[in-house]
Amino acid sequence: MRTLIVEDEKKIADLVKKGLEQETFAVDVAYDGNYGYDLASTEDYDLVILDLMLPGMDGLAICKKLRESGKTTPILMLTARDNIKDKVHGLTTGADDYLAKPFAFEELLARIKALTRRPKQFLPTVLNVSDLAINTDTFEVKRGGKEITLSKKEFALLSFLIRNKNQIVSKGQILSKVWDFESEVLPNIVEVYIGYLRDKIDTPFNRPLIKTVRGFGYKITD
């Protein structure tokens, strides 16, 4: 899941980024409102975590402009303000949820998961392709009942493939959803990680699930 954090308090932004990366998210960070809006309006994110008080352009203005432009990306607003009036203002501007600082990371993560499971984007916790099953909460992976150990990046890649089951996804789409802007990405990084996945979920079993579609990309199918 690709997430944007727009937060001018660097310590908070970096701690949230680190925590989400431990949960296999790909995370970009903007420390001011103008850059945050530029990223949110031009890139394809699954979630935006948006601070209310920002230099350049505040969170309410960013949220309003994104909604007016037709962006429906879920927005979770963070702020030190914790009164009903401020919450109502944020939500009526277009935010999907509101979390006051200071907050526990566990609550932030629970709210993120709730937002991304709303009916429009609903996916079950356990995703299946043939006899392969992954649990997006516990990060357990099994094929034919046999447990498979994946790195966090391998798990993120496999999750993205399964969420797009039976569809061709290009290398560019994979890079934009699984790796963030700050990652040191080698030209063949997608091929390398596809190879890692095949070694673990395909090679030991009778039937490969990951297919290469030459000139287009990859897909995972039943």
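A short reminder: the numbers here are calculations on the coordinates, not readings from a lab. Small disclaimer: the values here were computed from a predicted structure and weren't measured. For neighbour counting, all protein chains shown are included, and Cβ atoms are generated from backbone atoms with ideal geometry for every residue, glycine included.
Pick from Tyr35, Tyr45, Tyr98: which is most flexible by mean-square fluctuation in a GNM of the chain where alpha carbon atoms under 10 Å apart are linked?
For the chain, modelled as a Gaussian network with Cα springs under 10 Å, the answer is Tyr35.
Have a look at Val16, Val129, Val27 and tell me which one the Gaussian network model of the chain (Cα, springs below 10 Å) gives the largest fluctuation.
Val129
Translational diffusion coefficient of the chain at 20 °C, 1.002 mPa s, Stokes-Einstein with Kirkwood Rh over Cα pairs, in µm²/s as a whole number. Don't skip to the answer; put the middle values down first.
Details: Rh = 18.5 Å.
Value of D from the Cα-based Kirkwood radius: 116 µm²/s.
Region 25-76: Rg/Rh from Cα coordinates, Kirkwood Rh?
Rounded to two decimals, Rg over Rh is 0.91.
Using the Karplus curve 6.51 cos²θ - 1.76 cosθ + 1.60 with θ = phi - 60°, work out ³J(HN,Hα) for each residue of region 186-202 in order, rounded to whole Hz, and write x for Gly and Pro.
Couplings: 7, x, 9, 4, 5, 4, 4, 6, 4, x, 4, 5, 4, 4, 9, 10, 10 Hz.
So what does the Cα-only Debye profile of region 126-220 read at q = 0.16 Å⁻¹, as log10 I(q)/I(0), no solvent term?
-0.63
Scan around Asp97 for amide H atoms under 5 Å from its own, H built in the peptide plane at 1.01 Å from N, and keep only partners 5 or more places away or cross-chain.
Ile75, Met77
Rounded to the nearest 5, what % of the DSSP beta bridges within the chain are antiparallel ones? Write down the numbers at each step before the final one.
Details: 14 of 31 bridges.
The answer is about 45 percent antiparallel.
Go ahead and set up a Gaussian network model of the chain, Cα springs under 10 Å, then flag whichever of Asp137, Asp97, Asp58 fluctuates most.
Asp137
Quick check on the chain: helices-only [θ] at 222 nm, where DSSP H runs of length 4 and up contribute -39,500 (n - 2.57) each and the sum goes over total residues. Nearest 500, please.
Theoretical 222 nm ellipticity from helices: -11000 deg cm²/dmol.
Give a quick list of GluC sites (Glu not before Pro) in region 12-49 that DSSP marks as loop, anything other than H, G, I, E or B, with at most 15 other Cβ atoms within 10 Å.
Those that pass, being in a loop and sparsely packed, are Glu43.
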